[in-house]
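FYI, it's all coordinate maths here, none of it is from the lab. Small disclaimer: the values here were computed from a predicted structure and weren't measured. As a convention, Cβ positions derive from the backbone with ideal geometry for all residues, glycine included, and neighbour counts pool all protein chains shown.
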Amino acid sequence: MAIADRIPGPKGRPLIGQMRVFRENPLRFLLGCVRDYGDVVHFKMGQRDLFLINHPDYVKDVLVTNNRNFRKSVFMQRTKYLFGEGLLTSEGEFHRHQRHLAQPAFHRKRIATYASIMSEYSIRHMKRWQAGETRDIAEDMLQLALAIVSKALYDADVEAEADEIGAALAACLQATQRSPAWLFRMAPPPVIKILDQLPLPDNQRFLQARARLDTTIYRMIDEHRAREGGDDLLSMLMQATDEEQGSARMSDTQLRDEAITIFLAGHETTANALTWTWYLLSQHPEVEAKVHAELSEVLGGRPPTVDDIPKLTYIDMVIHESMRLYPPLWLVARQGIEAFEVGSYRIPANANLMLSPYVTQHDPRYFPDPFRFDPMRWTPESQAERPKFSYFPFGGGPRQCIGEPFAWMEETVVIATIAQHWRMRLVPGHVVEPQPWVTLRPRNGMRMILEPRFTA
């Protein structure tokens with residue numbers, strides 16, 4: 001009996017399967033799959049079989065309980081052209097080794113020292129704003145997050161290059177979402193590699209953008225080598241012994257891969273989370289008023305410090321709810337090594353899986369009225385009633401995002417700093433729609449009008 005007969009799912013068209021429908025609106029397609037077929041869904045993308053896994057117990061099984069039976073999906077093939085063998089894309093013992101080397105930079109005590117940088121750079125960024133001005137807050141948050149991660153983790157100031165770096169990043173991420181012939185994205189990796197080496201405009205734009213990013217990263221590496229020492233992430237990686245390769249230090253290529261992964265993936269996800277939070281606050285003045293009341297009570301107009309973060313409980317709930325509705329990491333892809341069971345179904349070896357934080361976090365079984373913005377879902381009592389993996393915006397298990405504590409602190413500090421001084425109102429008529437690239441960006445940016453909270 002064929003797989004499609006055993007596991008329910010949409011049948012699709014000959015040769016292309018669900019490729020066209022998925023490409024038109026991935027979020028709507030995946031939500032519809034779960035609604036119509038349940039927690040385990042089979043469909044085809046081209047000639048490739050895919051399995052969407054939704055139930056929190058099944059998600060936990062893939063990411064945690066039996067994580068060694070799963071590797072990164074073939075759909076990560078294109079991202080390796082950007083991230084190389086960094087933490088996002090590497091596998092097995094090499095990945096565990098590299099993560100071990102990077103972990104000290106994300107220790108709780110170490111992260112606490114970053115709070116002042118986050119607040120300082122937020123204040124610097126706000127000084128560019130004027131009352132009544134219309135700005136694309138998505139671009140603002142990308143620039144701010146880029147400056148913060150560069151200074152905190154690499155002791156580098158890239159504010160002057162932020163526009164160029166942002167444009168190069170956007171070009172690279174866009175290239176990972178399409179190939180010279182989109183239908184061939186489901187082809188075997190060797191075919192994809194050939195297609196990506198063709199001298200076509202999309203490929204040329206990607207190579208130029210990647211070269212621009214590499215210029216910044218390799219300059220950071222050279223500057224760190226010249227000054228010898230430091231306790232930022234890049235310095236830690238440069239000083240670490242690379243036992244995996246049997247040499248005293250990481251090569252420049254290894255340093256580049258790890259640096260660019262955290263440098264770019266880290267700021268991209270946080271910037272998107274911040275952008276969606278500003279949007280939601282602008283649409284829910286009653287929530288915004290509670291945020292302002294908490295800030296007045298806890299901070300009284302001064303910049304936040306690391307000691308203030310545990311006291312900003314309502315802002316923490318707002319961030320949780322924002323990342324439930326708009327998780328920057330909207331899709332997690334894995335490939336099974338051996339056959340495995342999910343519920344009453346048996347998934348064959350080498351199967352390609354999709355886990356979607358966006359889909360699971362909009363499941364009405366765990367979040368009634370799931371498209372409604374309600375920070376009160378995140379009281380301790382409410383959280384205790386839900387299974388853990390009904391919410392996994394940073395993934396889970398051994399590959400859970402290493403920068404999660406950094407991201408939570410950054411979002412809290414940035415919101416607490418900026419919201420004391422500014423309100424943001426969506427430009428009338430501006431269409432807000434999520435765009436699922438590698439991360440979940442607003443398709444048309446986020447054009448907002450700045451309103452000062454206090455005037456002289």
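Among the lysines, which have Cα under 24 Å from the Cα of residue 127 when same-chain residues fewer than 8 positions away are ignored? Cα-Cα hits under 24 Å: 151. Could you check the spin-label model distance between residue 451 and residue 251? Points 7 Å from the Cα along Cα→Cβ, value in nm. The answer from the label model is 5.6 nm. Say the dipole of region 54-452 comes from +1 at the beta carbon of Lys and Arg and -1 at that of Asp and Glu; which of 360, 439, 263 then lies farthest toward its positive end? Of the listed residues, the answer is 360. Between residue 404 and residue 226, the distance separating the two model label sites (each 7 Å from Cα on the Cα→Cβ line) works out to 3.9 nm. Its relative contact order, with pairs defined as Cα atoms under 8 Å and 6+ residues apart, puts the chain at 24 percent. So for region 54-452, considering every pair of alpha-carbon atoms, how many percent are separated by more than 33 Å? Counting pairs separated by more than 33 Å, the tail of P(r) holds 33 percent.
Taking N as the residue count of region 197-330, its C-alpha radius of gyration divided by 2.2 N^0.38 Å amounts to 1.48.
Taking a ≥ b ≥ c as the square roots of the eigenvalues of the Cα gyration tensor, region 315-405 is prolate, since a/c reaches 1.5 or more and a/b is larger than b/c.
Full extension of the chain segment joining residue 376 with residue 337 gains 10.0 nm, where the gain is 0.36 nm per residue of separation less the Cα-Cα distance. Does region 260-411 come out rounded, prolate or oblate by the C-alpha gyration tensor, with a ≥ b ≥ c the root eigenvalues, rounded set by a/c under 1.5 and, if not, prolate when a/b is larger than b/c and oblate if not? It is prolate, given that a/c is not under 1.5 and a/b is the larger ratio. Under 5 Å from the amide H of residue 340 lie the amide H atoms of 347, each residue being 5 or more positions distant or on a separate chain, with H modelled from the backbone and absent for Pro and chain starts.
A helix-only calculation puts the chain at -14000 deg cm²/dmol for mean residue ellipticity at 222 nm, using -39500 (n - 2.57) for each DSSP H run of at least four residues, averaged over all residues.
Computed 3J(HN,Hα) for region 303-320, one whole-Hz value per residue from the Karplus formula 6.51 cos²θ - 1.76 cosθ + 1.60 where θ = phi - 60°, is x, x, 10, 5, 6, 7, 4, x, 7, 8, 6, 6, 4, 4, 5, 4, 5, 4, glycine and proline marked x. Length gained on full extension, residue 239 to residue 167: 22.8 nm, using 0.36 nm per residue less the C-alpha separation. Each Lys and Arg Cβ is given +1 and each Asp and Glu Cβ -1; about its Cα centre, region 54-452 then shows a dipole of about 800 debye. Taking the charge dipole of the chain about its Cα centre, with +1 at Lys and Arg Cβ atoms and -1 at Asp and Glu Cβ atoms, the residue from 305, 198, 326 reaching farthest to the positive side is 198.
For residue 35 and residue 194, FRET efficiency with R0 = 41 Å and r from the beta-carbon atoms, rounded to 0.05? The computed FRET efficiency comes out at 0.60. Please give the net charge around residue 335, taking every other residue with its beta carbon less than 10 angstrom from that of residue 335, where Lys and Arg add +1 and Asp and Glu add -1. Result for the local shell: +3.
Against the compact-protein benchmark of 2.2 N^0.38 Å, the Cα-based radius of gyration of region 379-440 scales to 1.53.
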